[in-house]
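The values are calculated or read from the model by the stated rules, or taken from the named source; none is laboratory data. Model, not experiment: these values are computed from the prediction. Glycine gets a Cβ as well: all are built from the backbone with ideal geometry, and neighbour counts include every protein chain shown.
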Amino acid sequence: MITSAEMDRLVAEIGDELLRRMGNATPAPARGEGLNIPDKICPDCTQRCVQTCARKSAAIIAAGADRITASATTTRVDPAIAALIDHTLLKPEATEAEIVKLCGEARQYGFASVCVNPYWVTRATGLLRGSPVKVCTVIGFPLGASTTESKRAETAAALRCGAQEIDMVMNVGALRSGNEEAVKLDIAAVVEVAHAHRVIVKVIIETALLDDNQKAIACTLAKLAKADFVKTSTGFAKGGATAADIKLMRDVVGPSVGVKASGGIRSFEDVANMTAAGATRIGASASVKIVEGAPAGARTDGY
């Protein structure tokens, strides 16, 4: 009986033979190397597609093929990397079709959660029922300047709709005004409602709008309010996550509180840099690109 590895090799050899007959030969991978080795096949190509790379597939299709078959092992996604990511779609113009696609991708790749606006929580909950993927939503988003009472009510409503994680925006203006007690109480109010339903809370501190001292104070207040995570950004401010900010946040909260990097994370290299600095969760809209672009055997040995 032919093994999976032998089948992979056979598929690659058939592709090579087709290309040789077309006069467009590409060096075959050495025995034992397997597929997905673009550094040896196409040095400037970062895609990981059927056969060994996109160029070979495109050449075969151009020659007249209607369909290309690849084994299930052609592209491998490390579940440990996917499990770090909140697959995110928070743009105001997002459509139902895009939410359905987001949830389908989250199921397929095994992301930690989908992060959607409150309006879409009920729809996402239905789409992901029976899946380990959680539904995360945002509170006081994107400004953080709504009242504590409205944040509590918004949290309670989201929980009734099925939200399993809450990302709330800190009152940035209050922090910058020196009203630290108000900031802590604002966070604590949301935490109280969420924790009563055993739901975690991530506090978005919007690092791009704060200096380092303010970032440290924000993280301290979130920890005192018993939040489960601190998070860098909404993605709607002038800047996103940086490794320096992640390190600062991790140094302040210590090992007992999670740190989520969000905003401008578009590649596996970005994820690796953030986890190395101390991030334990990633917020990204480019999640599929990230996991498919991860090198074979790649790890994110962060904090």
Where in region 49-139 are the helices (runs of 4 or more DSSP H), entirely inside, with at least 3 residues that are surrounded by 16 or more Cβ atoms within 10 Å (Cβ to Cβ) and either modelled with pLDDT of 95 or more or of a type in the set (Gly, Ala, Ser) (or both)?
54-62, 96-109, 121-127
Does Val191 satisfy the condition of being buried (at least 19 other Cβ atoms within 10 Å of the Cβ), within 26 Å of the chain's Cα centre (by Cα) and modelled with pLDDT of 95 or more?
yes
Qualifying positions in region 145-158 - out of contact with any Ser or Thr (no Cβ under 8 Å at 6 or more places or on another chain), surrounded by 14 or more Cβ atoms within 10 Å (Cβ to Cβ) and either in a loop (DSSP other than H, G, I, E, B) or among the aliphatic types (A, V, I, L, M) (or both)
Ser146, Ala153, Ala156, Ala157
So is Thr234 closer than 20 Å to Ala145 by Cα, β-branched (Val, Ile, Thr) and assigned by TED's automatic domain parsing to the domain that holds Glu149 or not?
yes
Every pair of residues 6+ apart whose Cβ atoms lie under 7 Å, when the first sits in region 145-163 and is within 20 Å of Val133 (Cα to Cα) while the second is part of a helix (DSSP H, G or I) and charged (D, E, K, R):
none
Within region 273-296, can one find any residue that is assigned by TED's automatic domain parsing to the domain that holds Leu143, among the basic types (Lys, Arg) and touching a helix residue (DSSP H, G or I) at 6+ places or on another chain (Cβ under 6 Å)?
no
